[in-house]
Amino acid sequence: MRAHAFLLGLAALVAAAPAAGRPLAYITDQGSDSIAVVDVDGWKVVETLEVGRKPAGVAVAPGGDRIYVSNPEGSSLSVVERGPDGRHRVVAGISVGKGPLGVAADRTGKLVFAADWYADQVHVVDAASLKEVSSITVGRSPSGMTVSPDNARLFVANRESDSISVVDLSTFVEIGRVAVGKAPFGVTYDAAGGTDGKPRLLVANVQSGDVSVVDPVALREVERIKVRAFPYAVAVTGDGARILVTNQHDDSVSVIDGRTYATLAVVPVGDYPEGIVTAPDQTHALVACWMDDELESIDIAKMTVDRTLKVGSGPRAFGQFIAP
Amino acid sequence: MKRWAWAMVAFLFCLGLAPAWAHGPSRQKIAETVDINAPVDKVWAIVKDFDALAKWHPGVASSAADKGNAVGSVRIVVLKAPGDPKIVEELLSYNDAGHTYHYGGKDVDVKVLPVSNYTSWLTAGDNGHGGSTVEWKGAFYRGFLNNDPPPELNDEAAVAAVTAVYRAGLDNLKKLAEAP
């Protein structure tokens with residue numbers, strides 16, 4: 001793997017930087033202590049960057065020029081920037097808590113949140129100074145996070161508390177908690193919503209094998225969708241029409257109708273699918289397959305895998321890992 | 001099998017090979033393979049039944065399953081060790097035509113196997129030379145799920161234990177399949 005990463009690094013030096021405006025995916029390769037930068041349209045790894053120990057979480061800040069990576073075993077966040085030449089570099093590594101896992105940027109790009117798996121806290125980091133400015137006590141083993149589009153609320157999945165913490169971002173205080181299924185891990189905000197047009201949170205409950213649909217205003221669960229074994233993360237198309245869920249122990253992705261909540265297909269993918277997002281044009285979803293060291297692309301209309309790409313060892317890509 | 005695994009851990013420590021990066025839990029994965037001079041159909045016939053583990057794994061005394069090869073079938077694996085330690089495993093997916101199945105630990109004491117939340121895949125394939133290749137791969141966390149694990153429950157111990165289980169099984173499978 002070292003040699004592999006090294007060769008990729010060499011390749012990155014001689015490859016032309018992708019033109020501005022092409023979507024890029026940032027894949028945390030946990031076994032390689034690195035991230036792979038993937039040119040999604042060109043479907044190739046264009047750069048490999050060494051980060052901290054056992055990177056897992058990732059968040060692309062608004063605008064896409066900065067990427068935050070959590071290193072749970074390094075107790076740190078790596079800060080990656082995309083320069084004007086399109087090249088990436090790690091500009092900082094900052095100590096954050098004991099075991100930062102989930103990471104999210106706020107909607108303004110001013111703050112970064114890191115969920116501390118061990119300390120049951122979310123650390124708040126100022127993006128300009130890269131100093132921790134606050135910490136928020138939440139439920140046990142916080143993992144996935146998402147921020148409401150109005151930047152007022154942070155939602156945190158508490159894996160060992162079977163709940164979602166609701167945090168007020170003007171005070172950094174937990175103001176509510178919503179019970180969901182067993183062991184929630186990934187949480188995604190869908191502004192488009194279902195038939196009623198109301199926004200919703202989509203929560204993957206690992207141990208109950210289902211997805212909770214949560215009303216982020218009324219703060220209650222409104223629907224439960226059965227999926228396959230060990231759902232890990234959720235992606236949704238911009239119009240809310242399709243929900244895609246990685247089923248870690250079923251080596252598949254469930255494609256769900258965002259209006260009726262019917263399962264339309266269970267797409268076989270590589271082993272241990274984890275992070276999933278939709279591509280900016282909303283025609284494809286990208287899935288990191290941890291066991292197979294692959295990034296895979298799902299054609300959402302056809303509900304089949306149309307491309308696979310070898311990345312580093314153990315891709316997790318837990319978070320919002322794509323930049324427009 | 002268990003004692004072998006622990007012995008391996010001790011061996012690694014004696015060599016000073018256990019690295020010092022034993023912090024928070026990240027999932028480990030390993031893959032072990034064996035090349036067998038026997039057609040894939042013959043090899044698959046030996047391993048295909050979820051309850052057949054005791055017939056080909058030298059460390060297993062019995063491996064009865066409640067629903068055969070149906071997804072959700074639960075097998076109780078009793079090990080050949082003092083006290084008859086057992087582990088409970090569940091079949092997660094099964095593909096007869098593809099010669100592969102995927103199962104996971106359901107009730108496993110870390111004193112028996114120092115891992116948490118493991119799943120494994122067993123796959124037999126044609127090696128293109130008239131023989132076959134069998135791959136046994138697994139994903140798991142170490143036995144101790146918090147910071148600063150004791151050495152017997154750290155990442156290296158988990159990797160050593162699972163590797164020993166797979167290796168013993170695959171090497172014995174080769175002997176069985178190649179027997180005239």
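Scanning segment B:97-106 for residues that are surrounded by fewer than 19 Cβ atoms within 10 Å (Cβ to Cβ) and not in a strand (DSSP E or B) gives B:A97, B:G98.
In the set (1) in contact with a helix residue (DSSP H, G or I) (Cβ under 9 Å, 6 or more places away or on another chain); (2) surrounded by fewer than 24 Cβ atoms within 10 Å (Cβ to Cβ), A:P55 fails one condition alone, (2).
Yes or no, residue by residue, for (1) in a strand (DSSP E or B); (2) over 21 Å from A:D257 (Cβ atoms); (3) in contact (Cβ under 8 Å) with a residue 24 or more places away in the chain:
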residue: A:A288; (1), (2), (3): yes, yes, yes
residue: A:I298; (1), (2), (3): yes, no, yes
residue: A:K302; (1), (2), (3): no, no, no
residue: A:V305; (1), (2), (3): yes, no, yes
residue: A:L309; (1), (2), (3): yes, yes, yes
residue: A:S313; (1), (2), (3): no, yes, yes
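When the residues of segment A:83-106 are filtered to those that are of a type in the set (A, V, I, L, M) and away from chain B (no Cβ under 14 Å), the one that is surrounded by the most Cβ atoms within 10 Å (Cβ to Cβ) is A:V103. Considered as a group, the residues in segment A:249-278 that are closer than 23 Å to A:G197 by Cα and out of contact with any strand residue (DSSP E or B) (no Cβ under 6 Å at 6 or more places or on another chain) include one that is nearest to the other protein chains (Cβ to nearest Cβ), and that residue is A:A262. Out of all the residues in segment A:291-312, is one or more touching a helix residue (DSSP H, G or I) at 6+ places or on another chain (Cβ under 7 Å) and within 14 Å of another protein chain (Cβ to nearest Cβ)? Yes, there is a match, as at least one residue in segment A:291-312 is touching a helix residue (DSSP H, G or I) at 6+ places or on another chain (Cβ under 7 Å) and within 14 Å of another protein chain (Cβ to nearest Cβ). Confirm whether A:S70 is within 14 Å of chain B (Cβ to nearest Cβ) and surrounded by fewer than 24 Cβ atoms within 10 Å (Cβ to Cβ). Answer is no for this residue. For B:Y94, are the conditions met, namely being surrounded by fewer than 21 Cβ atoms within 10 Å (Cβ to Cβ) and within 14 Å of another protein chain (Cβ to nearest Cβ)? Here the answer is yes, as B:Y94 does meet what is asked. Suppose the filter is out of contact with any His (no Cβ under 7 Å at 6 or more places or on another chain), away from chain B (no Cβ under 14 Å) and without any contact (Cβ under 8 Å) to a residue 24 or more places away in the chain; does A:V211 pass it? Answer is no for this residue.
Tell me the strands (runs of 3 or more DSSP E) entirely within segment A:63-146 that contain at least 3 residues that are among the hydrophobic types (A, V, I, L, M, F, W, C).
A:76-82, A:88-95, A:100-105, A:111-116, A:121-126
Within segment A:107-152, being among the aromatic types (F, W, Y) and either modelled with pLDDT under 95 or surrounded by fewer than 16 Cβ atoms within 10 Å (Cβ to Cβ) (or both) holds for A:W117, A:Y118. When B:A177, B:A124, B:A158 are checked against the criterion of being in a helix (DSSP H, G or I), of a type in the set (A, V, I, L, M) and farther than 25 Å from A:Q207 by Cβ, B:A177 stands alone in meeting it.
Each row is one residue, and each column tells you yes or no for (1) farther than 22 Å from A:V58 by Cβ; (2) among the aliphatic types (A, V, I, L, M).
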position	(1), (2)
A:V245	no, yes
A:I256	yes, yes
A:L264	yes, yes
A:V269	no, yes
A:V305	no, yes
A:K310	no, no
A:Q320	no, no
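Could you tell me whether any residue of segment B:123-140 is free of Cβ contacts under 8 Å to residues at least 60 places away in the same chain, surrounded by fewer than 21 Cβ atoms within 10 Å (Cβ to Cβ) and within 14 Å of chain A (Cβ to nearest Cβ)? Yes, the conditions are met somewhere in segment B:123-140. The residue of segment B:141-155 that is nearest to the other protein chains (Cβ to nearest Cβ), among those that are assigned to a helix (DSSP H, G or I) and in contact (Cβ under 8 Å) with a residue 60 or more places away in the chain, is B:D155.
The values are calculated or read from the model by the stated rules, or taken from the named source; none is laboratory data. Just so it is clear, the structure is predicted and the values come from calculations on it, not from any experiment. Positions of Cβ are generated from backbone atoms using ideal geometry, with glycine treated the same way; all protein chains shown enter the neighbour counts.
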